[in-house]
Amino acid sequence: MVGPAGGRPVLLLRSLSFVVEPGEILGLIGESGCGKSLTLLSVLGLLPRGLAVQAGSVRLDGMELIGAPQRAMAAIRGRRVAIIFQDPQNCLNPSFTIGRQVGEALCIHKLARGRRAVRDRVVELLTEVGLPDPEGCMDRFPHQLSGGMQQRALIATALAAGPQLLLADEPTTALDVSVQAQIMELLRDVNRQRGCSIVLVTHDLALASQFCDRIAVMYAGQIVEEGSVANIVHRPAHPYTQGLLACLPMLGRRQQLRPIPGEIPTPDEVLAVGCAFAPRCRHRLQECTSAHIELHEATDGHRARCLLVRHSPQPVGPPT
Amino acid sequence: MRITTLGSRLLSTLLVMLAITIFVFLVMRWLPGDPVDRILGGSGQVSQQQLRALRASYHLDQPVPLQLVNFLGDLLHGDIGESVVYNRPASQVILEHLPATAELAVAATFFAIGVAAPLGVAAAVWRGSWFDRLASAGSYLGISMPGFWLGIALILVFAVHLRWLPVGGRADPGAEPAGPTGFLVLDAILHLDLTALASALAHLILPAVTMGSVMLAVLSRVLRSSMIEELDKEYVALALAKGASRRRAIVCHALRNALIPSVTVFGLELGTLLGGNMVVETVFGWPGVGQLAVSSIFARDYAVVQGVVLLYALTFAVINLLIDISYTKLDPRVSF
Amino acid sequence: MGVRLKDRLGAGPTLVVGAVVVAIFALDALLAPLVAPHDPLHGELARRLLPPVWMGGSADYLLGTDGLGRDVLSRLVWGARVSFGLGLAGAAIAAGVGTALGMVAGWWEGWLDGLLGRLADFLLAFPMLIFAIGVITALGSGFWNLILALSLKSWVEFMRLVRGQVLAHKQLVYVDAAHALGRSGAGILAWEILPNIFHGVLVLATLRVGYLIIAAASLSFLGLGVQPPTPEWGAMVNDGRNFMLSAWWLSTFPGLAIVVLVLGLNLLSEGLHELLDPRFRDPGIPR
């Protein structure tokens, strides 16, 4: 649970829990403002000013991260868990060379001694992420690289210390479509070759369905459904997920787009009790707004925060 | 191309210098009364002939444009005329007073930067805290205080009332090392003379603080706002995400970029610092170029005043040039 | 957009404090003949160097008397006219000239802009005091010469500000619209652009008044500004230097007056900036 530290208690994230297995790619889907980025930041203890974790736990291999001392957190950041942000332009320090920034994690975590060793390692990393002319890139400044190259460099930065878990916050949203595909392929390679788990945050359900092993759907600060890609895409259990899928235009087919009626609630407006989606849900029941709803299991590994699932273990079909 | 841009900057600087020189020269010539009168006037014993001869020796009998040409010619030889008060070449007089002013200016700058840097960074990191608000109030006060008043107030408190520090002058009598540099602090160190060092430092404190206070106030505010802007940027968050300590993220990343706009302001404030030099030296009886300038104005000592104004303007122009050059070093996005 | 005026004023104690302080001084300057208990130019030698009333002085002379027996308080009150007047006049002239030249330079550009730019570079090569001293020693000291010297250097800042703003606004759609309606260049400048950039000029001007007050006081302190017996705060501080050990209040109070007034002006400027900041307004749509 994440909310403002002190002051009015408006919760931004509540009722979130998911597990990431080693080597898997988990997609965290949701629209703007649902709190996906905040989720990632709270894992690393990097919440912006004014926000704090009120309750909850984040465990890495059994080790509790919430409330851990700064030093312990600093040792984890970059080394075991790394993050990639959305806009590569802003994430790179304009005054330092690429080489220096990629190698920074190596220096911080003391993984390479001496300038020669660091330099060699950085060249390796830059090659791994597919940057042409890695030696030359090293001495260039961020503004001299294109958006796609910058994002590759950022991925190299994240991978430098060899993390087990990579948190990717909308890594391709700011890039052109063709470059998007390349970056996603790169991430897939990283996952396969290094065995690195990835949490991919995105609003693009289609993208997630192509690259992820499992998907968790977020709405208004809560996880409302999670399961394997196949289950989510073909047998969505939660009405919100169903609505999202219905919104997706499909290539080659002329169809009427069906938007979900209503608007995403702001954190103030979210119902304190009950399902946050209820006001917009056509299958709404009386009980939906009266009590806290847990994640109910629909099939093995596939859960949804919806009373309809509890009533009938078979998922409700997509609205016709 | 780097060389030609640098060259054109130098050229325009030189042109400005020339314009200043001419301006000062002309201004001086418009003064009512001339130096010869002042020196000899009233004695009644000097004949017209002697007066004429004296005037001629200072070229004062020639038409102004001709005087200007002569002056410029002499300037190229490093000769800016004779000081009528000191009876020596004006350049010599000015050079003698220069180390005192230079030492004071350097001390003031170090003080200003040395305090403004941690202050500005801390205010940004702890923005909104009581510290930040106190620093902000202090900086407002700093830019509202005239240098002459601050100097006098400091003297009254620290020298007269508390007697911790001396009232004025550069050093205690007899404690001036006859050193090579003319910078008392350096000379004292070179001579390993602790008494002289203590005396020089004690005398330096109040004037340096007075002279540097405005720069301190302005720099800390600029640094604070630049830092706040940088700290909010994503590369800082990313640095933390790589495992950097807070200090590393603040100093190595944010501060590095926040310095860029601060450097420009620093250059501007240096001009103000130099301008305030005259006032501070007058208040503290500091035997530097500033005090020389003031007394020379009253004495209508043309050559010296010209030289001093030229010196100030030249220093300022050179500093600005250096600042521009350093800007290209600091910010990789800017190239000459 | 459309943040309510009341909200903005509520968030700005700086504006209120600054405005109040400045208003007090302004009133004092205007009403000096009524407020001052004594004649600032006439002193009673028999009652010279009296301390302020709380240090054993006389109730007739609340802040004591100076070396010539003149009442410090009265001289302070009348000094407001001089010091404030110097700053105000200097800033007003600089603002007026600078704005006009800036509009011309920004709108028509070309050789005039280049010339003004060179002139600006030249003037900026001098620290303010140095330049002012040059002008004063040429033309003599005194109230109006001082104002001339100060504004001769200060107009540059206003010109640069206005020029930059005009250049920026020239790009915006509303200027095209005005052209399309048949307005002349000068007309557009005066009626369309100027109201939009005016707040920037006002904020800068307020700031400059304080700066010029200090500059004028510094010059007078050095003996190069306003001449005695005119009461000017900087000159008064200088007079008091002779008595630093025996009558410290003579230098302290005039300086304090400067500090408070300039502080008030700075706060006012900051408050105005917050109030009028165009971030709260609709930006024009760029082409």
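Read the figures in this text as sums done on the coordinates, not as results from a lab. Here the structure is a predicted model, which is why all the values come from computation and not from measurement. So basically every Cβ, Gly included, is an ideal-geometry build from the backbone, and we count neighbours across all protein chains shown.
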For this session: Grab the other residues whose beta carbon is less than 12 angstrom from that of A:Arg192, score K and R as +1, D and E as -1, and report the net.
Result: -2
Seminar exercise, completed: Phi angles of the stretch C:119-132, converted by Karplus (6.51 cos²θ - 1.76 cosθ + 1.60, θ = phi - 60°) into ³J(HN,Hα) in whole Hz with x for Gly and Pro, give 4, 4, 4, 4, 5, 6, 6, 9, x, 3, 4, 4, 4, 4
Exercise. Around B:Leu165, which amide H atoms from residues at least 5 apart in sequence, or from another chain, sit under 5 Å from its own amide H, with H modelled in the peptide plane?
Worked result: B:Ala159
Exercise. Averaged over peptide A:41-53, how many Cβ atoms belonging to another chain are found within 10 Å of each residue's Cβ?
Worked result: 1
For this session: Out of all DSSP beta bridges with both ends in the protein assembly as shown, state the antiparallel percent to the nearest 5.
Result: 50 percent
Exercise. So what is the relative contact order of chain B, in percent, for Cα pairs below 8 Å that sit 6 or more residues apart?
Worked result: 26 percent
For this session: State log₁₀ I(q)/I(0) for chain C at q = 0.07, 0.11 Å⁻¹ as given by the Debye formula over alpha-carbon point scatterers of equal weight, solvent excluded.
Result: -0.34, -0.74
Problem set entry | Förster radius 35 Å - calculated FRET efficiency between B:Ala117 and C:Leu62 (Cβ-Cβ, nearest 0.05) | 0.20
Problem set entry | Cα centroid separation - the stretch C:162-198 against the stretch B:174-215, whole Å | 57 Å
Problem set entry | Using alpha-carbon coordinates, inclination of helix A:98-108 to the longest axis of chain A, degrees | 80 degrees
Problem set entry | the stretch B:212-288 - Rg and Dmax from Cα coordinates, angstrom | 17.4, 55
Exercise. Going by the alpha-carbon gyration tensor, a ≥ b ≥ c the square roots of its eigenvalues, is the stretch C:1-139 rounded (a/c under 1.5) or, if a/c is not under 1.5, prolate (a/b greater than b/c) versus oblate?
Worked result: oblate
Exercise. Across 20 Å bins from 0, what is the distribution of all Cα-Cα pair distances for chain B, in whole percents?
Worked result: 25, 49, 23, 3, 0
Seminar exercise, completed: Interchain or sequence-distant (5+) residues whose placed amide H lies within less than 5 Å of the amide H of A:Ile25 are A:Ile198, A:Asp213, A:Arg214
Exercise. Taking H as built 1.01 Å from N, whose amide H comes closer than 5 Å to the amide H of B:Gly81, not counting residues under 5 places away?
Worked result: B:Ala90, B:Ser91
Seminar exercise, completed: Exposure-ranked with fewest Cβ neighbours within 10 Å first, B:Arg88, A:Arg119 stand as B:Arg88, A:Arg119
Problem set entry | Sorted peptide list for A:52-62, C:146-156, criterion being average Cβ within 10 angstrom, highest first | C:146-156, A:52-62
For this session: Determine ³J(HN,Hα), in whole Hz, for all residues of the stretch A:290-298 in sequence, where each value follows from phi through the Karplus function 6.51 cos²θ - 1.76 cosθ + 1.60 and θ = phi - 60°; x replaces Gly and Pro.
Result: 9, 9, 5, 10, 8, 7, 9, 7, 8
Seminar exercise, completed: If each K or R counts +1 and each D or E counts -1, the residues other than B:Thr109 whose Cβ falls under 15 Å of its Cβ total -2
Problem set entry | For chain B, calculated [θ]222 nm from helices alone, where every DSSP H run of n ≥ 4 adds -39500 (n - 2.57) | -24000 deg cm²/dmol
Exercise. Going by a ≥ b ≥ c, the root eigenvalues of the Cα gyration tensor, does the stretch A:217-311 fall in the rounded group (a/c under 1.5), the prolate group (a/b larger than b/c) or the oblate group?
Worked result: oblate
Seminar exercise, completed: Summing -39500 (n - 2.57) over every DSSP H run of at least 4 residues in chain A and dividing by its residue count gives a helix-only mean residue ellipticity at 222 nm, to the nearest 500 deg cm²/dmol, of -9500 deg cm²/dmol
Exercise. Setting aside same-chain residues fewer than 8 positions from A:Lys110, which aspartates and glutamates have a Cα under 20 Å from its Cα?
Worked result: A:Asp120, A:Glu124
Problem set entry | Dipole of the protein assembly as shown, positive direction: furthest Cα of C:Thr137, B:Val294, B:Gly179, with charges on the beta-carbon | B:Gly179
Problem set entry | ³J(HN,Hα), Karplus 6.51/-1.76/1.60, whole Hz, each residue of the stretch A:20-36, x for Gly, Pro | 10, 7, x, x, 9, 10, 9, x, 10, 9, x, 8, 4, x, 7, x, 5
Exercise. According to the Cα gyration tensor, what semi-axes, each the square root of 5 times an eigenvalue, does the equivalent ellipsoid of the protein assembly as shown have, listed from largest to smallest in whole Å?
Worked result: 67, 32, 29
Exercise. Averaged over C:241-250, how many beta carbons belonging to a partner chain fall within 10 Å of each residue's beta carbon?
Worked result: 2
Problem set entry | Average beta carbon contacts from partner chains per residue of C:132-144, 10 Å cutoff | 4
Exercise. Looking only at trypsin sites (Lys or Arg not before Pro) in DSSP loops with at most 14 other Cβ atoms within 10 Å, what is the longest site-free stretch of chain B?
Worked result: B:164-332
